[in-house]
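The values are calculated or read from the model by the stated rules, or taken from the named source; none is laboratory data. No experiment lies behind these values; they were computed from the predicted model shown. Neighbour counts run over all protein chains shown; Cβ positions are idealised from the backbone, glycine included. Quick note on the areas: whole protein, heavy atoms, side chains included, nothing else; ligands and nucleic acids left out. Shrake-Rupley method; radii C 1.70, N 1.55, O 1.52, S 1.80 Å.
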Amino acid sequence: MKKTGSQIIIECLKKEGVEVIFNYPGGAVLPLFDELAHAPFQKILVRHEQAAVHAADGYARASGKVGVVLVTSGPGATNTVTGIATAYMDSIPVVVLTGQIPTYLIGNDAFQEADIVGITRPCTKHNYLVKDIKELSRIIKEAFYIARSGRPGPVLVDLPKDILVESTEFKYPDKVTIRGYRPVYEGHPGQIQRAVTLILKSKRPVLYVGGGVISSNASKELIQLVEMLGIPVTMTLMGLGAFPGNHPLSLGMLGMHGTYRANMAVMESDLLIALGARFDDRVTGKIESFAPQAKIIHIDIDPTSISKNVKVDLPIVGDCKRVLGKIITLLEKEDTHAYKEGLQKWRRQIEGWKAIYDLNYRQEGMIKPQFVIEKIFELTRGEVIISTEVGQNQMWTAQYFPFMKPRTLLTSGGLGTMGYGFPAAIGAQIAFPNRLVVNISGDGSFQMNSQELATAVQYRLPVKVAILNNGCLGMVRQWQEFFYEKRYVCSSLEGVSPDFVKLAEAYGAVGLRATQPEEVVSTLKKAFSIREPVVIDFVIDPCENVYPMVPAGEPLNQMRLI
Amino acid sequence: MRHVITLLVENEFGVLARIAGLFSGRGFNIESLSVAETLDPTISTMTIVTRGDDAIIEQVIKQLNKLIPVIKVVDLIDKEFVEREMILVKVSTTPQTRDEVLRIAEIFRGRIIDVGNKTYTIEVTGDEKKIDAILGLLKPLGIKELVRTGRVAMARGSKSSTEL
């Protein structure tokens, strides 16, 4: 039977198991929206297309499924770019469907025309312009396959309006064959054997764990490996939750705002085992002096990540879960007990660093942001999905919230997108309607997507926004304080932000405020008991900074501790 | 170091833009690039000449491989290979220099493909050294216009470049 392009897309989305579409309509995609009327998807109308992608991204990070976005041509499409770039940098599977003007008008500077395929080429894993309806179902199938396989990422499909209304025979392809795309999942057996040998020879090993462990669902294997060998674990921002944050062998995060013991351990280690991480500059600090004594094993599904920034001694291209599984199988034949015992001295050395300096703050005077974060953890016992914005709120969360499980932290690590966290929390809440979702925010970041309060209210999503309100763009202010002799240019929001309680109320959400430390717990309790969107304005100490800090370009052991 | 990279790509719109964008976006250098359809009309072949140290070339090759429409990438540098480039060069002539231009063209097995009152247009094919040499000789005589195809390259021996 013949189907229109719009009907074909709906059929394809059904076959892909899509449950929800984050969308914003417009002229070029109206035929598809018309068809959506009868389709079995939850349709979430956001208030800005950027938020649609962040929401789909949050949905994908929290659930492991592909997030789907549908927007119109021109400005609808260009508004998605920041969201797409965010998902790309963090390897998040999202499929973005954009409307396009009819094929016969493309290139004519028609109304709401934008070359979105050209614009998003460098920030998508792949993208398509559908020029022939006969290719439509194959392209949609490929888009989902590419988005979720290998190193995941966003894929954009541009849909000209005439394609949406034309008709053709519909047949959904059974399988995908792309001759230029064959991700490698199984690591090389010889390399895996060599890795086991290197590990068993090491005296001061560290596991350096990134977001790849989360996207390949390899936490179970990671924990098993650590239990076997007793190797300490440090995580990147993207890796938090891959290993329980309160485990005795967790060193917390490493890098610019990493813990003292994590950074010292990396600098002193003789073997660094990088798992699904990419040696980002915020992790390595000065690259020449990163882990100077260590041999490096790098396990990653993306060959371009290997030896890009740091020369690696033993690369293994493959999926973290499968490679870890094979390493464990090989180790089961070895005397891991003796090895584990042998690492005692190393673990004691690390404990010593913890005793010298650990994350700390004192709750005196005004509310401290770290105090709020710790109380969120205590009240929820970690049973919560946290999203953050970017800046101090993000770093304090990474430091003071011990993430226990994968997919419980949603944060823009690579691109560092302010305004990400609130729509991402909305996406996560849609994936898990009955779980508590808290967006830890800042007064600056929240204003970058606060319009999504309307979305949260419309769909009765009980997302909680905890604004750590310090009246400034805190991380900018911190850098200006440290590196620009306290010239606070354009970083103050003192007295010029809206009243966040009234703002929430204006949208029909609940607004709460805490100004004193003793109000923090009761305000959080109240917020968590309300089955509605709640914005909490925590008026915090404006002078609080994120410590420790490795200034950009310095070696990891050059930490500012206070 | 100079590398000659040959690749097979899907013959579809936008592939060239993806490859050019990859080089410009990541700060890789392209010295020359040529592209055309192969015997299989669904596949194009590209020859890219680029420069960089080992780490950069490793990234260039990995990043090219990562592009979905790129089917195969071969760095010819550690193989025996032949490379050629064709140029068309319009040389100004005077009654005194016309014979010399002809002689130079002949020595380099160039062909005169157009003759004007005051110009010869010469077609020459060769590797980088040969092309540089003839241009060096013609330059003092007055080159009015020069177009180059960019390098094309192929592995020596019975195997095709992409079987290597």
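Each Lys and Arg Cβ is given +1 and each Asp and Glu Cβ -1; about its Cα centre, chain B then shows a dipole of about 360 debye. Centroid-to-centroid, using Cα positions, the range A:40-54 and the range A:125-163 are 19 Å apart.
Over the protein assembly as shown, the hull volume per residue, using the convex hull of the C-alpha atoms, is 201 Å³.
What is the Cα centroid distance between the range A:236-282 and the range A:353-401, reported in whole angstrom? Here the two parts' Cα centres lie 17 Å apart. Residue separation of A:Tyr484 and A:Ala338 scaled by 0.36 nm, minus their Cα-Cα distance, works out to 47.4 nm of gained length. Qualifying GluC sites (Glu not before Pro) in the range A:459-503, where qualification requires a DSSP coil assignment and no more than 14 other C-beta atoms within 10 Å, comprise A:Glu485, A:Glu494. Quick check for you: which residues of the range A:161-194 have the amide N under 15 Å from the point 7 Å beyond the Cα of A:Leu30 toward its beta carbon? Label zone hits: A:161-162, A:164-165. In terms of its C-alpha gyration tensor, the range A:228-300 comes out rounded, because the ratio a/c of the largest to the smallest axis stays below 1.5. For A:His126, the residues 5 or more places off, or on other chains, whose built amide H falls under 5 Å of its own are A:Leu156. When +1 charges are put on Lys and Arg Cβ atoms and -1 charges on Asp and Glu Cβ atoms, the dipole computed for the range A:1-94 relative to its Cα centre reaches about 160 debye. Short-range pairs are left out: with C-alpha atoms under 8 Å and at least six residues apart, the relative contact order of chain B is 28 percent. Between A:Val176 and B:Asp127, the distance separating the two model label sites (each 7 Å from Cα on the Cα→Cβ line) works out to 4.3 nm. The tail of the calculated P(r) for the range A:433-512, taken as Cα-Cα distances beyond 16 Å, holds 56 percent of the pairs. Taking amide H as placed 1.01 Å from N in the peptide plane, A:Gly419 has its amide H under 5 Å from the amide H of A:Val390, each at least 5 places away in sequence or on another chain.
Averaged over residues, the count of other Cβ atoms within 10 Å places the peptides A:92-99, A:273-280, B:137-144 in the sequence A:92-99, A:273-280, B:137-144, highest first. Remark on the range A:329-439: Rg and Dmax equal 18.6, 57 Å (Cα only). The HN-Hα couplings worked out from phi for the range B:53-69 by the Karplus form 6.51 cos²θ - 1.76 cosθ + 1.60 (θ = phi - 60°) are 6, 4, 5, 5, 5, 4, 5, 3, 5, 5, 5, 4, 4, 6, 5, 4, x Hz, whole numbers, x standing for Gly and Pro.
In this structure the amide hydrogen of A:Leu97, modeled in the peptide plane, comes within under 5 Å of the amide hydrogens of A:Val69, A:Leu70, A:Val71, A:Val157, none closer than 5 places in sequence on its chain. At full extension, A:Glu554 and A:Lys201 could sit 124.1 nm farther apart than now, given 0.36 nm per residue minus the alpha carbon distance. The residues neighbouring A:Phe22, those whose beta-carbon lies less than 10 Å from its own, together hold a net charge of -1 under the Lys/Arg +1, Asp/Glu -1 convention. When only Cα pairs under 8 Å and 6 or more residues apart are kept, what is the percent relative contact order across chain A? Across chain A, relative contact order equals 14 percent. Straightening the chain between A:Lys286 and A:Asn246 buys 11.5 nm, computed as 0.36 nm per residue apart minus the Cα-Cα spacing. Within the straight-line cut-off of under 16 Å between alpha carbons, the lysines reachable from B:Lys144 are B:Lys90, B:Lys118, sequence neighbours fewer than 8 places apart in one chain being disregarded.
Near A:Phe446, once Lys and Arg are set to +1 and Asp and Glu to -1 for all other residues with Cβ below 12 Å from its Cβ, the sum equals -4. Annotation: the antiparallel percentage among DSSP beta bridges lying fully within chain A is about 5.
Cα centroid separation, the range A:75-94 to the range B:3-59: 26 Å.
Evaluated with a Cβ-only charge set (Lys, Arg +1; Asp, Glu -1), the protein assembly as shown carries a dipole of roughly 1120 debye about its Cα centre, given to the nearest 20.
For the protein assembly as shown, the per residue solvent-accessible surface stands at 42 Å², with DNA, RNA and ligands left out and a 1.4 Å probe.
Mean per-residue shielding of peptide B:21-29 is 1, counting Cβ atoms of other chains within 10 Å of each Cβ. Please go through the residue pairs A:Lys65/A:Lys321; A:Lys308/A:Lys354; A:Lys326/B:Lys62; A:Lys345/A:Lys375; A:Lys14/A:Lys161 and name each one whose alpha carbons sit more than 27 Å apart in this structure. Violating the 27 Å limit, Cα to Cα: A:Lys308/A:Lys354; A:Lys345/A:Lys375.
Using the Cβ-Cβ distance between A:Ile223 and A:Gln293 with R0 = 35 Å, the FRET efficiency computed as 1/(1 + (r/R0)^6) comes to roughly 0.85. Considering only A:Val96, A:Gly442, A:Met366, the residue lying farthest towards the positive end of the dipole of chain A is A:Val96, judged by Cα position with unit charges set on Cβ. For the chain pair A and B, buried accessible area totals roughly 1600 Å², probe 1.4 Å, rounded to the nearest 100.
With every protein chain in place, what's the accessible area of A:Glu135 (1.4 Å probe, Å², nearest 10)? Around 70 Å² of this residue is reachable by solvent. Positive end of the charge dipole of the protein assembly as shown (Lys, Arg +1 and Asp, Glu -1 on Cβ, about the Cα centre): tell me which of B:Gly136, A:Leu198, A:Gln392 has its Cα farthest that way. Of B:Gly136, A:Leu198, A:Gln392, it is A:Leu198. Taking label points 7 Å from Cα along the Cα-to-Cβ direction, A:Lys2 and B:Asp53 give a separation of 6.3 nm.
Here the calculated FRET efficiency for B:Ser92 and B:Arg148, from their Cβ-Cβ distance with R0 = 25 Å, stands at 0.85, rounded to the nearest 0.05. For the range A:1-68, how big is the tail of P(r) above 19 Å, as a whole percent of Cα pairs? Pairs farther apart than 19 Å: 34 percent. Neighbours of A:Leu512, meaning other residues whose beta-carbon lies under 11 angstrom from its beta-carbon, give a summed charge of +1 when Lys and Arg score +1 and Asp and Glu score -1.
Here the Karplus curve 6.51 cos²θ - 1.76 cosθ + 1.60, taken at θ = phi - 60°, turns the phi angles of the range A:335-351 into couplings of 8, 6, 5, 4, 4, 4, 4, x, 8, 4, 4, 4, 5, 5, 4, 5, 4 Hz, with x standing for Gly and Pro. Ignoring aspartates and glutamates fewer than eight residues from A:Lys171 along the same chain, the ones with Cα atoms less than 16 angstrom from its Cα are A:Glu11, A:Glu16, A:Asp132, A:Glu135, A:Glu142. Rounded, prolate or oblate: pick one for the range A:397-455, where a ≥ b ≥ c are the square roots of the eigenvalues of its C-alpha gyration tensor, a/c under 1.5 means rounded, and failing that, prolate if a/b is larger than b/c, else oblate. Oblate is the answer for the range A:397-455, as a/c is 1.5 or above yet b/c matches or exceeds a/b. Step by step: find N for the range A:234-364, compute 2.2 N^0.38 Å, then divide the Cα radius of gyration by it. What's the final number? In units of the globular-protein estimate, the range A:234-364 measures up at 1.11. Rounded to the nearest Hz, the phi-derived 3J(HN,Hα) couplings of the range A:62-72 under the Karplus curve 6.51 cos²θ - 1.76 cosθ + 1.60 (θ = phi - 60°) are 6, 9, x, 8, 7, x, 10, 10, 9, 9, 8, where x marks glycine and proline.
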